[in-house]
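Here's the structure, in structure tokens; my notes come after.
The values are calculated or read from the model by the stated rules, or taken from the named source; none is laboratory data. Being a predicted model, the structure only gives us computed values, none of them experimental. Cβ sites come from the backbone with ideal geometry, for glycine too, and all protein chains shown count toward neighbours. These accessible areas exclude ligands, DNA and RNA; they are computed on the full protein's heavy atoms, side chains included. Shrake-Rupley method; radii C 1.70, N 1.55, O 1.52, S 1.80 Å.
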Amino acid sequence: GAIAINMRDAPDMTLEHVGVRGGDFGVLVHDDSSGFTTDETLFSRNTHDGLGVYNNSPGIWIDNVTAWENGRHGIYVESVLDHVRDTVVYDNGESGMALRAVGAAVIERSQAYCTGLSVLCQRTGIDIINPGPDGAVVGHSDLTALLGNKVHHNDFEGIFASGNVLVAGNAGWNN
């Protein structure tokens, strides 16, 4: 199928101030595309994932992203991730964010929810499975820092975490 933007073996690329819509995948970052950053980017109505990161593409920064109404995941990462920050994912087919083997990633100040206005409603807001020695953090252990995520009105779970993951300082309701 069609990939709107395909970054293969493309290290240190930046995607900013762009909207990507209507592909099988919106943006696919893979095969040694280390150091990818995205800021103020929109991913919507892609058949599978809005943003997908695979196959040894470490050091990813995801900031100020909005991903909605993608058929599978708003954001899918299966690689070492630096952080997801100030990001909004809603009304995706399966998960707002699906994060796999992301190492010492930090996910903070983000939102994952269903609006009730779309035919899609994601099952899980933030779904993270992180085996291995490096611990990921969803939220922040210091509640006064106000770095937690907000997860609400997802079909099944606000946050699902397995493996080496600290989940702290988040707010969740009506999941």
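Some points to look at:
- Within the stretch 80-99, none of the residues are outside any loop (DSSP other than H, G, I, E, B), open to solvent by 30 Å² or more (accessible area, probe 1.4 Å), within 22 Å of THR47 (Cβ to Cβ) and touching a Lys or Arg at 6+ places or on another chain (Cβ under 6 Å).
- Among the residues of the stretch 100-131, those that are assigned to a strand (DSSP E or B) and either hydrophobic (A, V, I, L, M, F, W, C) or surrounded by fewer than 17 Cβ atoms within 10 Å (Cβ to Cβ) (or both) comprise VAL106, ILE107, ALA112, ILE126, ILE128, ILE129.
- Residues of the stretch 36-79 that turn out to be under 15 Å from ASP12 (Cβ atoms) and open to solvent by 40 Å² or more (accessible area, probe 1.4 Å), as a count: 4
- Filtered residues of the stretch 1-22 (kept if open to solvent by 40 Å² or more (accessible area, probe 1.4 Å) and either in a loop (DSSP other than H, G, I, E, B) or among the acidic types (Asp, Glu) (or both)): GLY1, ALA2, ASP9, PRO11, ASP12, MET13, GLU16, HIS17, VAL18, GLY22
- The stretch 23-50, residues that are in contact with a Ser or Thr (Cβ under 8 Å, 6 or more places away or on another chain), under 16 Å from THR66 (Cβ atoms) and assigned to a loop (DSSP other than H, G, I, E, B): GLY50
- Condition check for SER141: in contact with a Pro (Cβ under 9 Å, 6 or more places away or on another chain), more than 23 Å from GLY71 (Cα to Cα) and surrounded by fewer than 21 Cβ atoms within 10 Å (Cβ to Cβ): no
- Search result, residues across the stretch 149-174 that are within 16 Å of GLY96 (Cα to Cα), out of contact with any Ser or Thr (no Cβ under 9 Å at 6 or more places or on another chain) and surrounded by 17 or more Cβ atoms within 10 Å (Cβ to Cβ): ALA161, ASN170, GLY172
- Exclusive hit being under 22 Å from ASN56 (Cβ atoms) and more than 11 Å from the chain's Cα centre (by Cα), set GLY139, GLY103: GLY103
- Qualifying positions in the stretch 69-85 - under 23 Å from HIS153 (Cα atoms) and more than 11 Å from the chain's Cα centre (by Cα): GLU69, ASN70, GLY71, ARG72
- Given (1) within 21 Å of SER44 (Cα to Cα); (2) surrounded by fewer than 19 Cβ atoms within 10 Å (Cβ to Cβ), number of the condition GLY135 does not satisfy: (1)
- Of the residues ASP155, ASP134, the single one that is out of contact with any Gly (no Cβ under 8 Å at 6 or more places or on another chain), modelled with pLDDT of 95 or more and part of a loop (DSSP other than H, G, I, E, B) is ASP155.
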